[in-house]
1. Being polar (S, T, N, Q) and farther than 16 Å from G237 by Cα is the filter; apply it to segment 66-94 and report the residue that is surrounded by the most Cβ atoms within 10 Å (Cβ to Cβ).
2. Looking only at segment 22-45, count how many residues are outside any loop (DSSP other than H, G, I, E, B) and either within 16 Å of the ligand (Cβ to nearest atom) or surrounded by fewer than 17 Cβ atoms within 10 Å (Cβ to Cβ) (or both).
3. So is L101 under 20 Å from the mean Cα position of the chain (by Cα) and under 30 Å from Q171 (Cβ atoms) or not?
4. Only one of (1) within 15 Å of the ligand (Cβ to nearest atom); (2) buried (at least 17 other Cβ atoms within 10 Å of the Cβ); (3) without any contact (Cβ under 8 Å) to a residue 24 or more places away in the chain fails for R146. Which number is that?
5. Quick check on my filter: what residues within segment 46-59 are hydroxyl-bearing (S, T, Y) and surrounded by fewer than 17 Cβ atoms within 10 Å (Cβ to Cβ)?
6. For a quick check of your reading of the model, give me the residue pairs whose first member lies in segment 117-129 and is away from the ligand (no atom under 16 Å from the Cβ), whose second is part of a loop (DSSP other than H, G, I, E, B) and small (G, A, S), with beta-carbon atoms closer than 8 Å and at least 6 apart or on different chains.
7. Determine which member of the set D48, D54, D62 is over 25 Å from S163 (Cα atoms) and either of a type in the set (K, R) or more than 16 Å from the ligand (Cβ to nearest atom) (or both).
8. Report, by residue number, each residue of segment 176-206 that is over 22 Å from P162 (Cβ atoms), open to solvent by 80 Å² or more (accessible area, probe 1.4 Å) and free of Cβ contacts under 8 Å to residues at least 60 places away in the same chain.
Amino acid sequence: MEGFLEVSRKPDGRPEIFHSIQGEGINTGRPAVFLRLARCNLACVWCDTKYTWDWERYDPGDQILEMASVEVEREVLGFGCKYLVVTGGEPMLQQRRLILLLKRLKNGGFYIEMETNGTVLPDKVSPGLVDHWSVSPKLENSGNPRVLREAPACYNLFGQLPSCQFKYVIQNEDDLEEVDGIVRKYHLPVERVLLMPQARTRQVLLDKSRWLAEICKARGYLFSTRLHILLWGDKRGV
Ligand code: SF4
């Protein structure tokens, strides 16, 4: 229903809307309000928010809270922080429902960052309504077939948007060849491509970071950490 959003629900039943610090990408370190929306069109094997979409393991009745966008707006405003990160799941599945909320917050002086897997074309939400697109297309290591994870129309559009960064989750050497191939194929500007280690614990993150930092130095990509893992570990809603 337009104007209503399917928000992820925390174990205490409250919506997963929380104040934290952006832990990934070029805005790492910025205090932000996070709005986590339910459902995803992909199924990454290492996904750390499976409760937003894996209905074999989780009950959507427990995990999804339907909220009017004015209610979501009230929750967001309650934190007194004018930086909103819309995340998921895949938030662009709800792009039509998001328009009202994003317009109202934008008019109220908010900076809006959208985290997306880059498979849903922004044809309802105008790209200009979002200040920063954090696009994280998935590689073969995600377990999703190419036909689902690689959307040429999205690559072509996002590649032209200066407000967009591409962030790839890297597990091993093979992933690097795949990223290089995609960058060449879609003419992505290397200075807007980030490599981020796949890790859910501090130790794994640190170990892989040392390896990946050297690769970024050699190939000119940006490096992204996962600051929230370093600070709080694999915890939800922080
Ligand atoms: S695209 Fe994101 S939310 Fe969806 S399965 Fe992959 S990691 Fe999880």
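1. Filtering first and then ranking leaves Q94.
2. 5
3. Taking the combined requirement at face value, the residue does not satisfy it.
4. Only one criterion in (1) within 15 Å of the ligand (Cβ to nearest atom); (2) buried (at least 17 other Cβ atoms within 10 Å of the Cβ); (3) without any contact (Cβ under 8 Å) to a residue 24 or more places away in the chain is unmet by R146, namely (2).
5. Pass one, segment 46-59, residues hydroxyl-bearing (S, T, Y): 49, 51-52, 58.
Y58, the sole residue that qualifies.
6. Pairs that qualify, where the first residue is away from the ligand (no atom under 16 Å from the Cβ) and the partner is part of a loop (DSSP other than H, G, I, E, B) and small (G, A, S), are P127/S163.
7. D62
8. If the condition is that a residue be over 22 Å from P162 (Cβ atoms), open to solvent by 80 Å² or more (accessible area, probe 1.4 Å) and free of Cβ contacts under 8 Å to residues at least 60 places away in the same chain, then E177, R202, Q203 are the ones that fit.
The values are calculated or read from the model by the stated rules, or taken from the named source; none is laboratory data. Everything numeric in this text was worked out from a predicted model, so none of it was measured. Cβ sites come from the backbone with ideal geometry, for glycine too, and all protein chains shown count toward neighbours. Accessible surface areas use protein heavy atoms only, side chains included; no ligands, DNA or RNA. Shrake-Rupley method; radii C 1.70, N 1.55, O 1.52, S 1.80 Å.
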